[in-house]
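To start, the structure itself, in structure tokens.
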Amino acid sequence: GENVEQHPSTLSVQEGDSAVIKCTYSDSASNYFPWYKQELGKRPQLIIDIRSNVGEKKDQRIAVTLNKTAKHFSLHITETQPEDSAVYFCATPPRGQGAQKLVFGQGTRLTINP
Amino acid sequence: DTEVTQTPKHLVMGMTNKKSLKCEQHMGHRAMYWYKQKAKKPPELMFVYSYEKLSINESVPSRFSPECPNSSLLNLHLHALQPEDSALYLCASSQRLNTGELFFGEGSRLTVL
């Protein structure tokens, strides 16, 4: 089945600096790559997603890049703020399953230091 | 209304009890999901319903029994659970299968004694 590896497991950055989280996947047929943010005690929420027909997508301070050849995708957060502190999960569906059967990475706990 | 509402928020039950978790959404979504999340772990898919029919069962033990009475409601019936079943149970919905964004509820935190 699909395997998603996420690194690093924890990340601490100074407020205003950038943060990058990377995920690698095993199934070359994967075509949908969302990122979810889960604040402490809260629900996971989609922050950005990308499909395999594009290489990069931006939404204000957040961007996702996809390298289909190397089978990895990354979340980039610029000008980090305290409210960016949370656990971030990447995800992708196994071959032929579509977005309804997401396999999540193990998560990255991001801490923004003031 | 862009929320998925779950009740109860917290539940403590014994191994011989029968209880139910409830989930409701009024966004007109036709796909609904149950996920299980252990502490410091990612959500794990349990069940998927599409148009009120069970679409995916991820080999979940029969002590967990899902039910989708209508397009807005999703239940998870619990019976004879084990302490290792203690976790946060998240409900989610999406417009349809394969449409991308999952909208999660805040979860029901279950403790099995």
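Do we have B:Tyr35 as in contact with an Asp or Glu (Cβ under 9 Å, 6 or more places away or on another chain), hydroxyl-bearing (Ser, Thr, Tyr) and closer than 29 Å to A:Ser9 by Cβ here? Judged against the criteria, B:Tyr35 is a match. Among what's in the range A:47-58 and is modelled with pLDDT of 95 or more and among the hydrophobic types (A, V, I, L, M, F, W, C), pick the residue that is nearest to B:Val4 (Cα to Cα). Only one residue tops the list, namely A:Ile47. Looking only at the range B:44-94, residues that are within 10 Å of chain A (Cβ to nearest Cβ), touching a residue at least 40 places away in the same chain (Cβ under 8 Å) and under 11 Å from the mean Cα position of the chain (by Cα) come to 5 in all.
If you go through the range B:97-113 and keep only what is more than 7 Å from chain A (Cβ to nearest Cβ) and surrounded by fewer than 16 Cβ atoms within 10 Å (Cβ to Cβ), you end up with B:Thr111, B:Leu113. Considering B:Ser72, B:Ser94, B:Ser50, B:Ser55, the condition of being within 19 Å of A:Pro94 (Cβ to Cβ), in contact with a His (Cβ under 9 Å, 6 or more places away or on another chain) and surrounded by 15 or more Cβ atoms within 10 Å (Cβ to Cβ) is satisfied by B:Ser94 alone. Among the residues making up the range B:30-65, those that are under 28 Å from A:Lys37 (Cβ atoms) and either charged (D, E, K, R) or in contact with a Gly (Cβ under 8 Å, 6 or more places away or on another chain) (or both) are B:Arg30, B:Lys36, B:Gln37, B:Lys38, B:Lys40, B:Lys41, B:Pro42, B:Glu44, B:Glu58. Every test in (1) within 14 Å of chain B (Cβ to nearest Cβ); (2) within 16 Å of the chain's Cα centre (by Cα) is passed by A:Ser26 save one, and that test is (1).
When you scan the range B:75-88, do you find a residue that is outside any strand (DSSP E or B) and in contact with a Pro (Cβ under 7 Å, 6 or more places away or on another chain), even just one?
Scanning the range B:75-88 turns up no residue that is outside any strand (DSSP E or B) and in contact with a Pro (Cβ under 7 Å, 6 or more places away or on another chain).
You will find that of A:Arg43, A:Arg51, the residue that is under 30 Å from B:Ser108 (Cα atoms) and within 11 Å of another protein chain (Cβ to nearest Cβ) is A:Arg43 and no other.
Where strands (runs of 3 or more DSSP E) fall wholly inside the range A:1-89, the ranges with 1 or more residues that are touching a residue at least 24 places away in the same chain (Cβ under 8 Å) and out of contact with any Pro (no Cβ under 7 Å at 6 or more places or on another chain) are A:4-7, A:10-14, A:19-25, A:32-38, A:45-51, A:62-67, A:72-77. Kindly indicate whether B:Cys68 is among the hydrophobic types (A, V, I, L, M, F, W, C) and more than 21 Å from A:Tyr36 (Cα to Cα). Spelling it out, B:Cys68 is indeed among the hydrophobic types (A, V, I, L, M, F, W, C) and more than 21 Å from A:Tyr36 (Cα to Cα).
When you look at A:Lys57, is it under 24 Å from B:Lys41 (Cβ atoms) and of a type in the set (Lys, Arg), yes or no? Considered against the rule, which asks whether it is under 24 Å from B:Lys41 (Cβ atoms) and of a type in the set (Lys, Arg), A:Lys57 comes out as no.
The values are calculated or read from the model by the stated rules, or taken from the named source; none is laboratory data. Keep in mind that this is a model prediction, so the values were computed, not measured. Note that we place each Cβ from the backbone using ideal geometry, even for glycine, and neighbour counts take in every protein chain shown.
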